[in-house]
Amino acid sequence: MAGVAGLDEPTEASVIAELAGTVGAENAEMLWVIVCRRLKVSRPVTDPQHLIKATETLMELGDVLRVSGRSAKVRLITYRALEAALPG
């Protein structure tokens, strides 16, 4: 379902799917569990701030994850900026 400016709102599932494109579905799920445990957040992660923090944590886990995490973080931040800037 399209949200702000015709873009889908980033979700835990979309972040994991993006990560799976880099490391495979099983590894993406495992990494997401590790990140959530490290941050002490429950799944599914729905709070945008927790999603952003999770992407930052992914970025700390290595070069490949840094790229995937940064990409997801940019999408999350961009969506929130558009959401704040555009009239409801």
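Throughout, read-outs are computed from the coordinates displayed, never taken from laboratory work. In this text, all values refer to a predicted model and were calculated from it rather than measured experimentally. Virtual Cβ from ideal backbone geometry, glycine too; neighbours counted across all protein chains shown.
Give the residue list of trypsin sites (Lys or Arg not before Pro) in region 1-50 that are DSSP loop and have at most 16 other beta-carbon atoms within 10 angstrom. Don't skip to the answer; put the middle values down first.
On the way: sites: Arg37, Arg38, Lys40; in loops: Lys40.
Qualifying residues, ordered by number: Lys40.
Just from its helices, what would the mean residue ellipticity at 222 nm be for the chain, if runs of 4 or more DSSP H residues each count -39500 (n - 2.57) and the sum is divided by every residue, rounded to the nearest 500 deg cm²/dmol?
Values: 4 runs with 62 residues, N = 88.
One gets -23000 deg cm²/dmol as the mean residue ellipticity at 222 nm.
Tell me the angle of helix 12-23 to the major Cα principal axis of the chain, expressed in degrees between 0 and 90 and rounded to the nearest ten.
The two axes meet at around 50 degrees.
Size of the dipole of the chain about the Cα centre, Lys and Arg at +1 and Asp and Glu at -1 on the beta carbon, nothing else charged, in debye to 20? Before the final figure, lay out the partial values.
Numbers: 10 positive and 11 negative charges, 59 e Å.
Computed charge dipole of the chain: roughly 280 debye.
Starting from the 7 Å offset along Cα-to-Cβ, what nm value, one decimal, do you get for the label separation of Arg66 and Val33?
2.7 nm
Spin-label point model (7 Å from Cα, Cβ direction): what's the Leu7 to Glu56 distance in nm?
My value for the distance between the label points is 1.9 nm.
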